[in-house]
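A short reminder: the numbers here are calculations on the coordinates, not readings from a lab. The shown structure was predicted, so the numbers you read here are calculated from the model rather than taken from an experiment. Reconstructed Cβ throughout: ideal geometry from the backbone, glycine too, with neighbour counts over all protein chains shown.
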Amino acid sequence: RSGEMRVVWPRGTTLAQHLGSLSRTRYITSIYNGHSYPRIITLLTHGVRTHASSSKSSMHDTGIVVNSSITRSGKEPLTTSPSTPHHITWYTCGPTVYDQSHLGHARTYVSIDIIQRILTNKFGISVQHAMNITDIDDKILTRAKEQGVHPSVLARKHEESFMKDMRTLGVRLPTVITRVSEHIPDIIAFIQTIINNGYGFVTDDGSVWFDTEKYASSHTYGILRPLASDQQDPSYTSTSSYQQADDHPSDPNQSVASSSGPVAKGKRDFALWKATKEGETWSWPSPWGQGRPGWHIECSAMCTSIFGSTLDVHAGGVDLTFPHHENELAQCGAHYPGKCTLPSYHMIGV
């Protein structure tokens, strides 16, 4: 592709060590040379319109055109609330901090930073940006056990390394950084509301699962899957993404019964709360028993704890399109039935 730049560094070294001397201006120019500011926005932004309470005619038109993941029209106006026409709220799925950063992280967060700078510097739109740090995850528990350290120690070490890499690349820090371990009460309350609304169920081991089939019977589910299929490799199938993702049944035909006790009802169900397993050293009490949050629930709960039920932009890497971002939308729809407005625009593949 025109202006494409490739960077390769030796195994065992950090991203910062080999990109530290790279000029940020050169990096931006090499990728976006020849494109005007509005064109950059059009190339990188995918819109998912879910403002149930606000029609387009009542919104403020910023004059910016974005691509739509739903309509694939490529010409969706970027609108904001008339009460705050020059302000948007923005949530980004951050890293799972179990290892060093890599070029995929750089690609995502540099792109997001570029778009935010354009919105602010060119169009005068201020961005209130929140990003999560996933510091509770199967990979973190496994790696911490291998290294003989507490999961929180490992997670904080790699979080600090990630932030150092972002500073080296010139990426601005978010307005707010949220850690899963610091939002357990918010996550538990969010899950309980989903259960109360009939879209979550508790299993005998104390885990909580999202009832995807019940949700899909009254809501649209899978709206981002065609986009994920287009952007992933040719081996993509409707079940392979579930097999590769955390918190989903590894067997696509798995039902309620299993050797370890009742689990998911169907292959598309996913864990909201994971009961503590033998040997795990990091867990929290909940109404359903000792455990920890599932992967998908963290972003929905933390985002709404900061911004409420309405968000302007949600961003993340292409690998999170489906099922992670899809499940975030489902969780918010189950938590706020009939009035979910999260998010207005979904940036994926940045």
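Miscellaneous remarks
- Long-range amide H partners of residue 92 with built H, under 5 Å: 130, 131, 132, 315
- Lysine pair count for region 92-195 with Cα-Cα distance under 27 Å and sequence separation of 8 or more or different chains is 4.
- Two-site FRET efficiency, residue 122 against residue 220, from Cβ-Cβ distance with R₀ of 30 Å, rounded to 0.05: 0.30
- Of the two radii for region 84-174, the radius of gyration is 1.07 times the Kirkwood radius, both from the alpha carbons; that is the Rg over Rh value.
- Burial order of peptide ranges 180-190, 119-129 (average beta-carbon count within 10 Å, highest first): 180-190, 119-129
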